[in-house]
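Below is one structure, written out as structure tokens; the observations come after it.
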Amino acid sequence: MTTTVTGKTATTLLLDGTAEARALRTKVAQDVAAAAQRYGAVPGLATVLVGNDPASVAYVTAKRRAIREAGMRDMHCYLPGNAAQAEVAAVIDELAQDSEVSGILLQLPLPEGLDAATLIDRIPVSKDVDGLTTASTGLLARGAHGLRPCTPVGVLHLLDGAHVGLRGAHAVVVGHSALVGRPMARMLLQRDATVTVAHQHTVDLASLTRQADILIVAAGVHGLVGAEHVKQGAVVIDVGIHRTPEGLEGDVRAHELRGIARLITPVPGGVGPMTIAVLLTNTLLAFEQERTCS
Ligand code: NAD
């Protein structure tokens, strides 16, 4: 789903993540209703929030609303910001044992003093709807079946929805976090793109990004990428989210890319809504796999 923006030299299309996500969420809600008929049960997603970080509270609130709207069970657990590692671990262990919990999401970042990696690894791979455990990361590295991190899956949905060919395309991923950049690069490789990964120590970022047919920016640096980084006709996906006095903005100076990029995701309304939609599809997948395996 795209909107046209006319620039100086060529046409730039906006990839509408809101519409794409709405379609995905409608489909999930239909599948949840069908699952309720078939199994007499619906998927349950447990969000675990530790502390009151305002961005985390906002993300968890949005995820919980989406869960309820999809007809799934909203199984939220809150712990105070001073909770000990063992307390958080005990909550995750309990959710891991609960047959009504299809998926567990530990909202990041955690308050200082908590070891996120160790806690994430307590989530059983079958309930790892964020795809961040060591086991899920290994399955992705192998190219084996498994739950994948939501944001990169959302990006691939957007690219596929816009019929962007990945095989043989040069994809440059800016950012190599465990949450976005690394899994994104692996998924693109699996789709036979030629992948370059850039990060904060990359020398001369612009000379690399200018080679990209598909440029995916997940650096968390407001306005990092502009006209000087993008070749004519490239597809640009902006994963970054920054709260500014003017509203939400991304890592990309999108206004500079009119007439340069062929396709671009807006912020807001691009990748963000897709991340939540994929969380729902992952939860449904976890629920269905649990039933077919048991
Ligand atoms: P992170 O801080 O964990 O990782 C940032 C990555 O960018 C690192 O690999 C770092 O090396 C690289 N980087 C930093 N500065 C750079 C520079 N100047 N040049 C090149 N690379 C640079 O961040 P993250 O969790 O991967 O998130 C990145 C951005 O995406 C943030 O703005 C975050 O809010 C956003 N995000 C959005 C969604 C969504 O749904 N849209 C989901 C997750 C994250």
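Lys and Arg at +1, Asp and Glu at -1: add these up for the other residues within a Cβ distance under 12 Å of residue 166 and post the number. So the environment of residue 166 carries a net charge of -1. Per residue, the solvent-accessible area of the chain (1.4 Å probe, heavy atoms of protein chains only, all protein chains present) comes to 46 Å².
Mean-square fluctuation check for the chain, GNM, Cα pairs under 10 Å: which of 157, 145, 229 is largest? Result: 145 has the largest fluctuation of those listed. Note on the chain: GNM, Cα springs under 10 Å; of 147, 110, 45, the largest mean-square fluctuation is that of 110.
Evaluated over the chain, the count of Lys pairs having alpha-carbon atoms less than 22 Å apart is 4 (only pairs 8 or more residues apart or interchain). For residue 260, the solvent-accessible surface computed with a 1.4 Å probe is close to 40 Å², ligands and nucleic acids excluded.
What you get for the stretch 150-272, charging only the Cβ of Lys and Arg (+1) and of Asp and Glu (-1), is a dipole of about 240 debye around the Cα centre. Across the options 47, 207, 125, the greatest Cα extent toward the positive end of the charge dipole of the chain (unit charges at beta carbon of Lys, Arg, Asp, Glu) belongs to 207.
Computed with a 1.4 Å probe over protein heavy atoms only, the accessible area of residue 222 comes to about 100 Å². Placing pseudo-labels 7 Å out from each Cα toward the beta carbon at residue 125 and residue 291 gives an inter-label distance of 2.3 nm.
Carbon-plus-sulfur fraction of the accessible area of the chain, 1.4 Å probe, in percent? Before the final figure, lay out the partial values.
Working: 7210 of 13490 Å².
Result for the chain: 53 percent of the exposed heavy-atom area is carbon or sulfur.
Basic side chains Lys and Arg get +1 at the Cβ, acidic Asp and Glu get -1 at the Cβ, and with that the dipole of the chain about its Cα centre reaches some 840 debye. A 1.4 Å probe, protein heavy atoms only, puts the accessible area of residue 244 near 30 Å². Calculate log10 I(q)/I(0) of the chain for q = 0.09, 0.14 Å⁻¹, where I(q) comes from the Debye formula with a single equal point scatterer on each Cα and nothing for solvent. One equal scatterer on each Cα of the chain leads to -0.44, -1.05. Note on residue 115 and residue 163: the model spin-label points, each 7 Å out from Cα along the C-beta direction, lie 5.1 nm apart. For the options 68, 38, 25, a Gaussian network treatment of the chain with springs between C-alpha atoms closer than 10 Å singles out 38 as fluctuating the most. Taking max minus min of the alpha-carbon positions on each principal axis, the stretch 41-125 gives extents of 37, 28, 18 Å, largest first. A simple spin-label model places pseudo-atoms 7 Å from Cα toward Cβ; at residue 26 and residue 232 they are separated by 3.8 nm.
The values are calculated or read from the model by the stated rules, or taken from the named source; none is laboratory data. Quantities reported herein were computed from a predicted structural model and do not represent experimental measurements. Note that each Cβ is placed from the backbone with ideal geometry, even for glycine, and that neighbours are counted across all protein chains shown. Just so you know, the surface numbers come from the protein's heavy atoms only, side chains and all, with ligands and any DNA or RNA stripped out. Shrake-Rupley method; radii C 1.70, N 1.55, O 1.52, S 1.80 Å.
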